[in-house]
Every structure is written in C-alpha cells, then in structure tokens.
Amino acid sequence: MNRKESNKLYNKGIYKDLIKLNLLASSLLLSSGALATTFVFPPNISFPSNVTFPISENAKNFAPLDRQQICENFNAKVNLINRSIGHNNGEMSTNLCRFLSLSKGQLEDGNIKFSYINYDSENIKDTQLTEYVDVTREIELIILSQPNLTQYLFYADGDAVLRRQELDHYLTGTKLHSATGNQMFASYNSWLVGSLSGVFNNTNVKTTVTSVPEEPGKKVNSRYWQLQEWFPKTSVSNKGYAVSTGTSLGFSIGANGEYEKGSPSLGASIDFSYSVDTSISSDESVVNSHTDQARDDLGIHTTIDLNPIPISLLSGFHAIRGNQSSYVGDSSGTNTRLGQAAWKELDFSTFAGWKERLNSENCTPGVVRSMTFDNTVELERGQYDIEYSGNSAIFDHSDKSASLKKFPFSVSVNTQCVKGSDGKYFRVFESLL
C-alpha cells in the first residue's frame, strides 16, 4: 500500500483514531492565565477589524499527504499581519514555520528480491521461496521556530508491499507455485512443526540526527537538545502496534509581547505545542513494536517483529502439499490468522520530535549550522522456527532462514541563528543540502 492508497483509507475513516500527533492549539494553553497580556503595538499601526490578537487556529488534522499545509496555514496568518502593518513598519518572518520534503517526493524501491530456503521436518533443504517486494518511503521535516525555542518534527513514512512469490523445489528446480494477488500466502506448520514462512520479521528502523547539533567550535548543546516525542512507542505484548494516520496542529500568534521592528516575530509571541495519542489496531495483534531512545537524545531505534505466543496457538495453514509438486495459496486465510501487516503489507512509519532551547551558548547570530537527518530501514523475510516453552513460545533465531535488505537515507539541512532586537533567539531554516 503506497501513501496515496493510505491517504484514501484515512479519508474513508478506516484508520480513524489509530494514532494522531495532536499539536495542541496554544490558545488552550493560554487560558491557564500564564500569559495574561496580548501583543502591544504602536498606536500609529492600525489593524483591520478582522485582525485581532492573539491570532489562533485550533488544532486541525492533516493527512500525511497534506502536511505541507501546516506551514501554509501559519504563513497565511503571517502574511495577513504583514499586509496590515505595511512594509515600513517591519515584517514578520515567513520562515518561522518551514515544511521540507527531504526525500523530494517518494523514494521508490520496486521489485526488491528476497530469497530463502524452507527446511522440512528432517532439517533438509526442501524448497526455495523467492519473493518480490515494493518499498516506498517519504521523508519530511517541519521546523517550528519560536522565540528562544525551535522544534523539529521528523517524519519517515514507509511501507513494504509483497507483490509476487515463486516457490521452487530446491533440488530439482521444479516450479511449484508462482503467484500474485490473492494467490500469495504465508504458512505455519507446513514444512515442520513450529515453522513460520513468508513473513516480515525483525524489521529495524533508525530515525536519527547523526550527532547532537552543536554550534561550530562549541560542545555545550546536549543540555539544551531534547527528544520530546516519538512514534511508534513500544507496544504492549500481544496487543499489536499502532499505525500513523495524520497530524494535527494549532498555533497562536501574539498572545503577548511588545512590538519590535527588528525581530523575526516583530516581538510577538509564537506558540506551538504538541502531544501524541495512540490506539492499537486489533487486526494486527501478532505484530509488535519495540522502540529505544538513542544516546544523547539523537533519535529512536524501532524494531517491528512478530509475537510468537499468539502464532504458536494457531493450527497449521497454507502451502499444503498436493501431489508433491503443487502448493495451494490463499491470501484471505493468511490475513484471517496473521493480519496483512505480518506478511503482505507492513507499515514501518516513524516519527521523532525534538526541541532545542536557544541562548547565547548554542545560537550565534549569523552562524550557519548543518544538521544531518537519517532514516535507515532493514527489512527481513524468511522462515522462522517457533519453539515452545511451557505455556509460552519463542523464536529460535539460530534456526532461521532469512533474506535481509537495507535501505539507507541521509540528508543535511542548514539552519541559521537570528537574534532579534528584543534579544530573543531564533533558529530558522537556511538551505537544504
């Protein structure tokens, strides 16, 4: 399933409420009374009746294909302010919210070949299973610049879709099965007891910045750099994993502050904030996610694997021997037992959100700093042996027969520090390398 198909499913509500990145409207936060004033501007500057501060937009949901609208919405309000005050009175920067398509569209790796051997009950090489998978990724970054604080929202949307299978007798090379669509299958207990074949397992995704961003010549920034939020979180055993469907954003401009012609925000407060809500897909209960934070808040390392406990309770299915030369496949039966994510359509999307507090130690006006963002995916398909231990079950990975493919991606982004006439620091996008 590519991102366009995913977006259609999202719009139809199929994935509704699985997860949403909820960037809360700052106007709700302001109701606490922490900021009691509104933006103060000189009496010689008059605004039309439709421009009153704070200018706020409640949280609005965006499907993945529409994320660039986040900054378009924000900058539409900035442009309204600039038109109202006139060019002689300064200008609020339209670089405070910046959307970047780091991958410049979809990264498409089609027809990737996975090939591995299925062993029989006597541990003899029985068949060779060759599978072809389409891998699609889209990498995006949103930079939100506020006075003395910058947030980086790094999205790596990705999926892997099985397109074709070819099963051959290992010794003779005889073609036993060739299939696409609904004739493809995964199997369990078909070659030997506890044998699970034709599945995704041990998918690893690293979503990081390669080093804690430092000012050139300085080594003080780790204390100001924080991994604020990430996705997916580690799932609860036997409860499946979540799938990202959209992003919600709200913002407030000018809840407080005093007019400063030489500031990127004109002295007005700029407020963004966000939180993450998740729910679990019940049809993908055999798939789990495990996420660890990288050192120094560099990012996350996620493993998406299969849970052997519910699988071990299943009866054997598919790849049924007929006359020793044919195999029967049926996608619908496999989906009923495993769910599509386990073997046919795997969503391995990740998100990391960082915040950086700015001051004279890590923000030197006019200095350009390079930041490198990485997304590396390792996909594995194969035959795996499930061993039983009392009422539990584990994978014996020493007995697996698997094929592994790696998909790296790395891009550098230049940012620049700006200090306003009000003494506030801003880190803004400068260029994409």
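The values are calculated or read from the model by the stated rules, or taken from the named source; none is laboratory data. Given the structure is predicted, the values throughout are model-derived calculations rather than measurements. Glycine gets a Cβ as well: all are built from the backbone with ideal geometry, and neighbour counts include every protein chain shown. Ligands, DNA and RNA are excluded from the accessible area calculation, which covers all protein heavy atoms including side chains. Shrake-Rupley method; radii C 1.70, N 1.55, O 1.52, S 1.80 Å.
In percent, rounded to a whole number, the relative contact order of region 86-162 is 31, using alpha-carbon pairs under 8 Å and six or more apart. Here Asp347 sits with roughly 30 square angstrom of accessible surface, probe radius 1.4 Å. Using the Karplus relation 6.51 cos²θ - 1.76 cosθ + 1.60 with θ = phi - 60°, the per-residue 3J(HN,Hα) values for region 102-112 come to 5, 8, 6, x, 7, 8, 10, 10, x, 6, 6 Hz, with x marking Gly and Pro. Between amide H atoms placed 1.01 Å from N, distances below 5 Å from Leu96 occur with no residue 5 or more places distant or on a separate chain. With all protein chains in place and ligands, DNA and RNA left out, the 1.4 Å accessible area ranks His169, His87, His397 as His87, His397, His169, largest first. Over 19 Å apart at the Cα level, from the set Lys206/Lys233; Lys261/Lys419; Lys60/Lys355; Lys77/Lys355, are Lys60/Lys355; Lys77/Lys355.
Each of Leu100, Leu192, Gln146 was placed along the dipole of region 97-215 (beta-carbon charges, centred on the mean Cα), and the one lying farthest toward the positive end is Leu100. Given +1 at the Cβ of Lys and Arg, -1 at the Cβ of Asp and Glu and no other charges, the dipole of region 331-409 around its Cα centre is 300 debye to the nearest 20. Mind listing which trypsin sites (Lys or Arg not before Pro) in region 42-145 are in a DSSP loop and have 15 or fewer other Cβ atoms within 10 Å? Those that pass, being in a loop and sparsely packed, are Lys104. A 1.4 Å probe run over region 72-216, with the rest of the protein chains in place, finds 37 Å² accessible per residue. Accessible surface ranking for Ser84, Ser145, 1.4 angstrom probe, highest first: Ser84, Ser145.
In region 62-147, the portion of solvent-accessible area held by carbon and sulfur atoms comes to 38 percent [1.4 Å probe, whole percent, DNA, RNA and ligands not counted].
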